[in-house]
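**Q** Quick one: this structure, given as structure tokens, is what I'll be asking you about.
The values are calculated or read from the model by the stated rules, or taken from the named source; none is laboratory data. All figures in this text were calculated on a predicted structure; none of them were measured in a lab. Heads up, the Cβs are rebuilt from the backbone with ideal geometry, glycines too, and the neighbour counts pull from every protein chain shown.
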Amino acid sequence: MIMTIEQENFAVTLAAQTKSHDEWLAIVRFGRGTLLENQGLLAEILVAEATREADKNQHKSSDEIAKILRELGLRLELA
């Protein structure tokens, strides 16, 4: 499924406006199929949440990305 710019912006805004990490996880899990088809968008949303969590928990963003990937049951594979 090809997303329009408006749909991508909506996804980014929705993810950014969540009040908690658990709420963010629920939204991303709900849209997981679509996000997996648009991996650039998924990466953008993941990095934004990892940065937010890192700032809140005083961790490195890279540690948070690894944690979030585990929470979502995802693995990073580089081609």
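**Q** Mind checking whether some residue in the range 28-44 is closer than 16 Å to G73 by Cα, surrounded by fewer than 17 Cβ atoms within 10 Å (Cβ to Cβ) and of a type in the set (V, I, T)?
**A** yes
**Q** I'd like to check which helices (runs of 4 or more DSSP H) are fully inside the chain and have at least 2 residues that are touching a helix residue (DSSP H, G or I) at 6+ places or on another chain (Cβ under 9 Å) and at pLDDT below 95. Can you show your working first?
**A** Numbers: elements: 5-16, 21-30, 32-37, 39-57, 61-72.
Result: 5-16, 32-37, 39-57, 61-72.
**Q** Name the pairs whose Cβ atoms lie under 7 Å apart, with the first residue in the range 1-21 and surrounded by 14 or more Cβ atoms within 10 Å (Cβ to Cβ), the second in a loop (DSSP other than H, G, I, E, B) and of a type in the set (G, A, S), and 6 or more positions between them or separate chains?
**A** Qualifying pairs under 7 Å: A11/G31.
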